[in-house]
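The block underneath contains the structure these notes are about, expressed in structure tokens.
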Amino acid sequence: MSNTFGNIFTLTSFGESHGKAIGGIIDGFPAGIRIDEDFVQHELARRRPGQSALTTGRKEADTVEFLSGIYEGVSTGCPIGFVVWNTNQHSSDYDNMKDVFRPSHADFTYTQKYGIRDHRGGGRSSARETISRVVGGALAKLALKEIGVQITAFTSQVGTLALDKSYTQYDLRHIEDNPVRCPDPVLARQMEELILRVKGEGDTVGGTVSCIIQGCPVGLGEPAFGKLHAALGNAMLSINAAKGFEYGQGFGSMELRGSQQNDVFYNENGHIALRTNRSGGIQGGISNGEDIYFRVAFKPVATILMEQPTVDKEGNETILKARGRHDPCVLPRAVPIVEAMAAMTILDYYLLNKTTRM
């Protein structure tokens, strides 16, 4: 399995949902960065289970323990090792899934690929693996803060309920004011009601997370196989339940003509500027200094608390009703994960760009 993300800044993650711990090793992190462990813990709290009625009932503190690479609160440039201990596993909840395949889950493909799988909580395929990404992303955010980069994600759609205006029309400072993490308080309440209704039915619902990267330097990304938007897409599509990625106007621009789509340059008091940002901050695969914005589509969670027809590992048809604690909608907890993957990608490509010129 490929368990390492990044080129210069890298994160190697380890652990399973019901194993002893989730953890990782970060290499290539710049020395001399002040490490605010309270901030890292705050980011984990945004991702952790049990934070509201909209999420899984699993109760985990998700307290990170740093093992190396930090001295007197500052990064040393050496590998940063960390671990988050699992403390609230209910492995018996998954006994009835041991020999059957959950529809649209990784059970079948893992078994076919490796000949063995850890059925407890999904094992390595569980979204609990994203703990390591959030830790890595939090550290990347601290480094990016030094160069003025800010990353903000929010829930922009749940089911058919979607924001209908540009992100510039919302006050993104209020995203954390509601459990859905939507910047529109009225729509957020409607989203919350929908998720709770779906949860009560034993079903799940999907949607989209939008992300804005502000202050990104010009020049990040490579012109051919290392395009910045391709790297962001790769990062986002590696997240559990992610099914689609679009940046800038995305598929919406397909209805326009070039004369309507192009971002026109002009001279703003001796400074080259753009009148619009339909490109989403990336042109030719390289950041242009404007806001980078993109959307990630997440499917409804595959594990539902309803009876479904399936087969066992011998191919015998059977009926499965899943037990355990599962998210009815991944969107609220996916927001900090999207931010984390964006932060690690931008930091990695910032460091890569340092190799471009002598």
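The values are calculated or read from the model by the stated rules, or taken from the named source; none is laboratory data. Only a predicted model underlies this, so the values are computations on that prediction, with no experimental measurement involved. As a convention, Cβ positions derive from the backbone with ideal geometry for all residues, glycine included, and neighbour counts pool all protein chains shown. To get the accessible areas, we keep the full protein, side chains included, count just its heavy atoms, and leave off ligands, DNA and RNA. Shrake-Rupley method; radii C 1.70, N 1.55, O 1.52, S 1.80 Å.
Given the condition polar (S, T, N, Q), out of contact with any strand residue (DSSP E or B) (no Cβ under 7 Å at 6 or more places or on another chain) and either farther than 26 Å from residue 231 by Cβ or free of Cβ contacts under 8 Å to residues at least 12 places away in the same chain (or both), answer yes or no: does some residue in the range 276-294 qualify? The answer is no, given that none of the residues of the range 276-294 is polar (S, T, N, Q), out of contact with any strand residue (DSSP E or B) (no Cβ under 7 Å at 6 or more places or on another chain) and either farther than 26 Å from residue 231 by Cβ or free of Cβ contacts under 8 Å to residues at least 12 places away in the same chain (or both).
Kindly indicate whether any position in the range 286-301 is over 24 Å from residue 164 (Cβ atoms) and under 19 Å from the mean Cα position of the chain (by Cα). Let's see the steps before the verdict.
To start, the set of residues in the range 286-301 that are over 24 Å from residue 164 (Cβ atoms) comprises 286-289, 301.
In the following step, the residues that additionally are under 19 Å from the mean Cα position of the chain (by Cα) were identified as 301.
Taking every residue of the range 286-301 in turn, at least one turns out to be over 24 Å from residue 164 (Cβ atoms) and under 19 Å from the mean Cα position of the chain (by Cα).
On the stretch given as the range 91-104, residues that are modelled with pLDDT under 80 and farther than 12 Å from residue 122 by Cα total 2. Residues in the range 97-127 that are open to solvent by less than 60 Å² (accessible area, probe 1.4 Å) and among the β-branched types (Val, Ile, Thr): 100, 111. Of all the listed residues (195, 239, 213), the sole one being among the β-branched types (Val, Ile, Thr) and in contact with a Leu (Cβ under 6 Å, 6 or more places away or on another chain) is 195.
Total residues in the range 279-307 satisfying the condition of being surrounded by 16 or more Cβ atoms within 10 Å (Cβ to Cβ), farther than 30 Å from residue 253 by Cα and not aliphatic (A, V, I, L, M): the figure is 1.
Selection over the range 279-306 of residues that are in contact with a helix residue (DSSP H, G or I) (Cβ under 6 Å, 6 or more places away or on another chain) and either polar (S, T, N, Q) or at pLDDT below 95 (or both) gives a count of 1. For residue 155, indicate whether it is touching a residue at least 12 places away in the same chain (Cβ under 8 Å) and outside any helix (DSSP H, G or I). For residue 155, the condition - touching a residue at least 12 places away in the same chain (Cβ under 8 Å) and outside any helix (DSSP H, G or I) - is met. Residues of the range 157-204 that are open to solvent by 20 Å² or more (accessible area, probe 1.4 Å), charged (D, E, K, R) and over 19 Å from residue 252 (Cα atoms): 171, 173, 176, 177, 184, 189, 192, 193, 197, 199, 201, 203. The residues of the range 104-124 that are under 19 Å from the mean Cα position of the chain (by Cα), over 14 Å from residue 14 (Cβ atoms) and not in a loop (DSSP other than H, G, I, E, B) amount to a single one, 122.
Would you kindly identify the strands (runs of 3 or more DSSP E) lying entirely within the range 205-272 that contain at least 1 residues that are farther than 30 Å from residue 326 by Cβ and open to solvent by less than 40 Å² (accessible area, probe 1.4 Å)? Please lay out each step first, then the result.
On the way: elements: 207-214, 242-247, 265-268.
In the range 205-272, 207-214 are the strands (runs of 3 or more DSSP E) which contain 1 or more residues that are farther than 30 Å from residue 326 by Cβ and open to solvent by less than 40 Å² (accessible area, probe 1.4 Å).
Of the residues making up the range 107-120, those that are within 23 Å of residue 308 (Cβ to Cβ) and at pLDDT 85 or above number 7.
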